[in-house]
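Inspection log for the structure reproduced underneath, given as structure tokens.
No lab work stands behind these numbers, since they all come straight from the coordinates. Please read all numbers here as calculations on a predicted model, not as lab measurements. All Cβ positions, even for glycine, are placed from backbone atoms using ideal geometry, and neighbour counts span all protein chains on display.
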Amino acid sequence: MSEELGGLLPKLLTSPPGPRSLEMASRLSRVESRNVTYLTPDYPVFWEEARGANVRDVDGNVYVDMTGAFGVSVAGHTAQGVVDGIRSQSGRLIHGMGDVHPPAAKVEFLEALAGLGPWPESRAILGSSGSEAVEAALKTALLVAGRPGILAFEGAYHGLTLGSLATTHREEFRGPFLSRLYEGVRFAPYPKPGDGSKEIKKSLDKIRWLLREGDGGDEVGAVIIEPIQGRAGVRIPPPGYLEALADLTWNAKALLIFDEIFTGLGRTGALFGFLHEGVVPDLLCLGKGLGGGLPLSACVGPAKIMDAWPPSQGEAIHTSTFLGNPLACAAGTAFLKELVSGDLVARSKALGETLLDLLSEELAGVPGVSEVRGRGLFVGVDLRDPDTGAPFRKAAVRAATLALRDGILVLPAGAYGHVLELSPPLVITQEQVEWVVPKLGGAIRGALEA
Ligand SMILES: Cc1ncc(COP(=O)(O)O)c(C=O)c1O
């Protein structure tokens, strides 16, 4: 039965969450830290298997996945090439010694990764999570610039490990741990596409001031930004903004880090988000889809920057037990092949345009839908009070709950849970997209009426 999954429309056997999901939730609540999984009578469903853009839960319900499981399933769930790569590697070597006697699979993956990047000669530091890639980039920038201060952006999400969390903006993540966070991070406003020249100027003026005169805190040596803010609600900066930011950064001899953990690898209809902007960063953070579903991330940069790291003298000063894990690397190499052989970047562009057009049409004139925006298969529906412009708190959370009942997996985003975020696998079919749009329209209208 599982081979059918991939391009199916939803098929619900029970009203989700079904009895087995509810039972799993009850078992989970007894053994997992209660902060981790959001458990309510309406949420979540527990996954049993997935392929392409379909997920089947433990009650046998089939969903169309508009989340890509946090944007990870770029080449689709359980992509055949990735499965084959993992299968073949797992019979030979599952774990190696990343920085001592490294697995051959690490070399093969790093070569494939270097072949994708914008630099003729590049080096990478591998990790397992996106947060680790950010940590590696922040350390690299300090080695190069020698100034510890960091400029990040309001709304930014760069991860939750202590170094990366210091650059993540959202209060609920930072609040309890504030006393452990580096205080030399400053946040500048992240402009929105609708912003006029006044807001853009305000953001750039603040950055210029921080980079040139400074506020008396640690001098800034690194600027870290998402080319499109993901978890803040698919916020796309206005044209020319990243270029202006790059100029300011480089004039101040600071390093420009693009966190493309969400936007990289085809998500936005280009291989990397920066290709839309014509700005090549100094350092690039990748994660999520990079391992084809296995945990794998990378901080990549040109040799002239990355070689600020001294050669290992037998003790690597930045490494981890699972660095270059052969199974993850084999999956990553297979994933990168799928990305190319499946022409998935072009697919993201074309289907993303279809999704954006259909959704904009579906939601045109709906009071409370302030904007439908996106690039490639990365789309956000912004829900705001039409009179005040204030975000409709939790409206996207309600919409996601209603969509689940129609067999659609979708996530809320934005600081107030007011943006419905769509980041489906790039292999989603046209038929699935066309089916999903009116159902999402219904869920959004229902959420706004509630
Ligand atoms: C842009 C961005 N950076 C960093 C991260 C952190 O990645 P991870 O959760 O794998 O640590 C995320 C996760 O959503 C992200 O979207």
### Query
Glu183 to Val100: extension gain in nm, 0.36 nm per residue of separation minus the Cα-Cα distance?
26.4 nm
### Message
If the elastic network links every pair of Cα atoms under 10 Å, which of Gly352, Gly389, Gly374 fluctuates the most in the Gaussian network model of the chain?
### Response
Gly389
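What value, in deg cm²/dmol to 500, does the helix sum -39500 (n - 2.57) over DSSP H runs of n ≥ 4 give at 222 nm once divided by the residues of the chain? The partial results should precede the final answer.
Details: 14 runs with 163 residues, N = 450.
Value at 222 nm, helices only: -11000 deg cm²/dmol.
Please give the charge dipole size of the chain, origin at the Cα centre, charges +1 on K and R Cβ atoms and -1 on D and E Cβ atoms. Round to the nearest 20 debye. Provide the component values of the computation, followed by the final result.
Details: 42 positive and 52 negative charges, 110 e Å.
With Lys and Arg at +1 and Asp and Glu at -1, about 520 debye.
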### Task
Considering only Ala396, Ala79, Ala244, give the residue with the highest GNM mean-square fluctuation for the chain, with springs between Cα atoms whenever their separation is below 10 Å.
Ala244
### Query
Considering only the stretch 80-341, what is the antiparallel percent among its DSSP beta bridges, to the nearest 5?
40
### Summary
Cα gyration tensor of the chain diagonalised, 5x eigenvalues square-rooted, in angstrom largest first, produces semi-axes 33, 29, 20
### Query
How far is the Cα center of the stretch 347-377 from the Cα center of the stretch 150-210, in Å?
27
### Query
Between Ala390 and Phe70, what length in nm is gained on full extension when 0.36 nm per residue of separation is reduced by their alpha carbon distance?
112.6 nm
### Query
If you take the beta carbon distance between Asn251 and Glu121 as r and set R0 to 41 Å, what does 1/(1 + (r/R0)^6) give as a FRET efficiency, to the nearest 0.05?
0.95
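Restricting the count to DSSP beta bridges whose residues both fall in the chain, what percent are antiparallel, rounded to a multiple of 5?
Details: 33 of 50 bridges.
Expressed as a percentage, antiparallel bridges in the chain total about 65.
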#### Entry: Positive-end residue, the chain charge dipole about Cα centroid, Cβ charges, pick of Val280, Pro386, Val372
Pro386
### Total lysine pairs under 27 Å (Cα atoms) in the stretch 80-341, excluding pairs fewer than 8 apart on one chain
21
### Message
Strictly greater than 32 Å: what percent of every Cα pair in the stretch 80-341 meets that?
### Response
21
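Hey, fewest Cβ within 10 Å first, where do Asp387, Asp65, Asp343, Asp99 land in order?
Numbers: Asp387 7, Asp65 23, Asp343 12, Asp99 18.
Arranged by neighbour count, lowest to highest, Asp387, Asp65, Asp343, Asp99 become Asp387, Asp343, Asp99, Asp65.
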### Query
When the chain is treated as a GNM, springs tying every alpha-carbon pair under 10 Å, which of Leu142, Leu13, Leu377 comes out with the largest mean-square fluctuation?
Leu13
